[in-house]
Amino acid sequence: MATKQYLFAGFGGQGILFSGKFLAYKGLTEGKQVSWLPSYGPEMRGGTASCSVILSDSPVGSPIVSKPDVLVAMNLPSLDKYEDAVVSGGVIFLDSSLIERKVKRTDVTVHYIPATKLASENNMPTLANMIIVGKILKEFNEFGEGVNAALSKVISAKHADMLDVNLKALQIGADN
Amino acid sequence: MADKVLMKGNEAIAEAAIIAGCRHYFGYPITPQTEIAAYMAKRMPKIGGCFLQAESEVAAINMVYGVSSTGHRVMTSSSSPGISLKSEGLSYLAGADLPALVVNVQRGGPGLGGIQPSQSDYYQATKAGGHGDFRMLVLAPASVQEMADLTVKGFELADKYRMTSMILADGTMGQMMEPVSLQYDVKEMPEKKWATTGTNMEREHNIVNSLFLQPDELEKSNIERFERYKYIEENEAMYEEYMMDDAEICIAAFGIASRVAKNAIVEARKKGIKVGMIRPITLWPFPNKPFLKASEKAHTFISVELSMGQMIDDVKLATKCRGEYVLCNRVGGMIPSPEEVLLAIETANKNGGAK
């Protein structure tokens, strides 16, 4: 991996920024150069949210991801908006329980994950995001030791009781 | 890497300020810098400091004036429209030779503008912070690490020269998270004999004021201040050079624009184009020397800015208008893409400096 550029997009409240933060922390604990840039402003409050995450072996230049290697789309507007921006040969992860259509591009790899459905079946309705992240880690062979360390950094001590359920969500995604 | 933490640029500024010994923060919320105030609200009460949300930006900057008069490190922060409100206070701080740290996390303007990143307060920060003849030290971070580093540096410079240091950041720098290390060997604060700390009946009263009704006295204070500025111009300019050794095209960019430009330079170099960048870290004093030196080899200067072209004037002045000058910009909260900058580089390369 030289540089991998991620774009996470969905509704505000789906944990878009949190997922990106987790990946950034994971990169940091593994000694990578990282950047995390959120969309900010009124769209965060119930509208669309997105964040750019870059993981690299060399210093990160622009933190803005306009041509993602990896797109995570958690709702239809996000897929509509960013599908064409993904680089050729890139990867799209989408929540197939919220997005009914298929990806039109034929030059990218697509993973359809019924994340919201899996989350509610497993009694963790707010963790569809982490189920998708679990799938990402699995696909990229990155479900390694950094996971626990990153989780304990991104989840504050106050919410330490959420650690296990987040780990479980990642595992569900990886097994899917 | 163990000592690095992920922080937002805004939070890094706040924590670095506390490390630098700042125990007084006054501000009024405004996107995209509110995290600074939020961080201070949380931390200051725990360390015996003072966080106060003022009733307005005008009130906040005048509280800064008050605390600075007593010799303590103090700061305020805002974003573009809020900085305009502070401009009277900035002038008073300068007139009274008071040190302070002021942060501007810029957003698009003019007016209320938008809330997305911008660099269009360059003129305001470097040339017209308020009425009267005065300057501010203007520091332009291009990473979260520099948001923190330049905050510490800003306090030190402010105290050293008894003037305002302004951190001129933008929405991207404020909102993004990057790994940051906050290990500082903070210099001891210089003794402030001018501060109003109480005479103990042992010395004359210190008077902190910007009112000089006698023209000759006022002239004298202005001239003395500008002698200080001259020394600063000669000694405190900071910049980073990137691939400038053989550069025939020189990009000038600061903050987020320099990050985008780096991507474009890497691509252009792959195509064999001799392009480099000078990134001013201090916008005032502007790093004239490296630009003048670059003009011996470079035929074209490309100023990449999130404004309608403000820093480009200083690039022209620094290089005595010797070269060809190109503006590569987006405004209103838009950010130039690496592709746009690359196109400007390729065009400049094709033209080879011809008009």
Options B:Gln33, B:Gln53: the member that is polar (S, T, N, Q), in contact with a Phe, Trp or Tyr (Cβ under 8 Å, 6 or more places away or on another chain), assigned by TED's automatic domain parsing to the domain that holds B:Leu93 and modelled with pLDDT of 95 or more: B:Gln53
So B:Leu283 clears everything in (1) surrounded by 22 or more Cβ atoms within 10 Å (Cβ to Cβ); (2) within 14 Å of chain A (Cβ to nearest Cβ); (3) part of a strand (DSSP E or B); (4) of a type outside the set (S, T, N, Q) except one condition, right? Which one? (2)
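Restricting attention to region B:13-29, and to residues there that are free of Cβ contacts under 8 Å to residues at least 40 places away in the same chain and assigned to a helix (DSSP H, G or I), which single residue is surrounded by the fewest Cβ atoms within 10 Å (Cβ to Cβ)? Can you show your working first?
Of region B:13-29, the ones free of Cβ contacts under 8 Å to residues at least 40 places away in the same chain are B:14, B:18, B:29.
Now narrow it down to the ones that are assigned to a helix (DSSP H, G or I): B:14, B:18.
Details: B:Ala14: 32, B:Ile18: 22.
Among residues in region B:13-29 that are free of Cβ contacts under 8 Å to residues at least 40 places away in the same chain and assigned to a helix (DSSP H, G or I), the one surrounded by the fewest Cβ atoms within 10 Å (Cβ to Cβ) is B:Ile18.
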Return the only residue of B:Pro141, B:Pro190 being within 14 Å of chain A (Cβ to nearest Cβ) and either in contact (Cβ under 8 Å) with a residue 24 or more places away in the chain or in a helix (DSSP H, G or I) (or both). B:Pro141
Just wondering, is there one or more residues in region A:22-35 that are under 24 Å from B:Arg259 (Cβ atoms), among the polar types (S, T, N, Q), surrounded by fewer than 24 Cβ atoms within 10 Å (Cβ to Cβ) and within 14 Å of another protein chain (Cβ to nearest Cβ)? yes
Residues that are within 13 Å of another protein chain (Cβ to nearest Cβ) and of a type in the set (Gly, Ala, Ser), drawn from region B:248-267: B:Ala253, B:Gly255, B:Ala257, B:Ser258, B:Ala261, B:Ala264
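Go over the candidates A:Pro63, A:Pro68 one by one and state the one that is of a type outside the set (Gly, Ala, Ser), at the interface with another protein chain (Cβ under 9 Å from one of its Cβ atoms) and assigned to a loop (DSSP other than H, G, I, E, B). Working first, answer last.
Values: A:Pro68 fails: at the interface with another protein chain (Cβ under 9 Å from one of its Cβ atoms).
Result: A:Pro63 is the single residue among A:Pro63, A:Pro68 that is of a type outside the set (Gly, Ala, Ser), at the interface with another protein chain (Cβ under 9 Å from one of its Cβ atoms) and assigned to a loop (DSSP other than H, G, I, E, B).
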Considering (1) in contact with a helix residue (DSSP H, G or I) (Cβ under 7 Å, 6 or more places away or on another chain); (2) outside any helix (DSSP H, G or I); (3) acidic (Asp, Glu), say which one B:Glu55 fails and leave the rest. (1)
Give region B:30-42 a look and list any residue that's surrounded by fewer than 19 Cβ atoms within 10 Å (Cβ to Cβ), within 18 Å of B:Met177 (Cβ to Cβ) and free of Cβ contacts under 8 Å to residues at least 60 places away in the same chain, or say none. B:Ala38, B:Lys42
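Among the listed residues B:Ile265, B:Ile232, B:Ile256, B:Ile273, identify the single one that is assigned to a loop (DSSP other than H, G, I, E, B) and in contact with a helix residue (DSSP H, G or I) (Cβ under 9 Å, 6 or more places away or on another chain).
Working: B:Ile265 fails: assigned to a loop (DSSP other than H, G, I, E, B); B:Ile232 fails: assigned to a loop (DSSP other than H, G, I, E, B); B:Ile256 fails: assigned to a loop (DSSP other than H, G, I, E, B).
Every option except B:Ile273 fails the conditions.
Listed residues A:Asp80, A:Asp57; which is touching a residue at least 40 places away in the same chain (Cβ under 8 Å) and among the acidic types (Asp, Glu)? Break it down into steps so the answer makes sense when it comes.
Details: A:Asp80 fails: touching a residue at least 40 places away in the same chain (Cβ under 8 Å).
Result: A:Asp57 is the single residue among A:Asp80, A:Asp57 that is touching a residue at least 40 places away in the same chain (Cβ under 8 Å) and among the acidic types (Asp, Glu).
The values are calculated or read from the model by the stated rules, or taken from the named source; none is laboratory data. From a predicted model like this one, the values you see are computed outputs, not experimental measurements. Don't worry about glycine lacking a Cβ; one is built from the backbone with ideal geometry, like all the others, and counts go over all protein chains shown.
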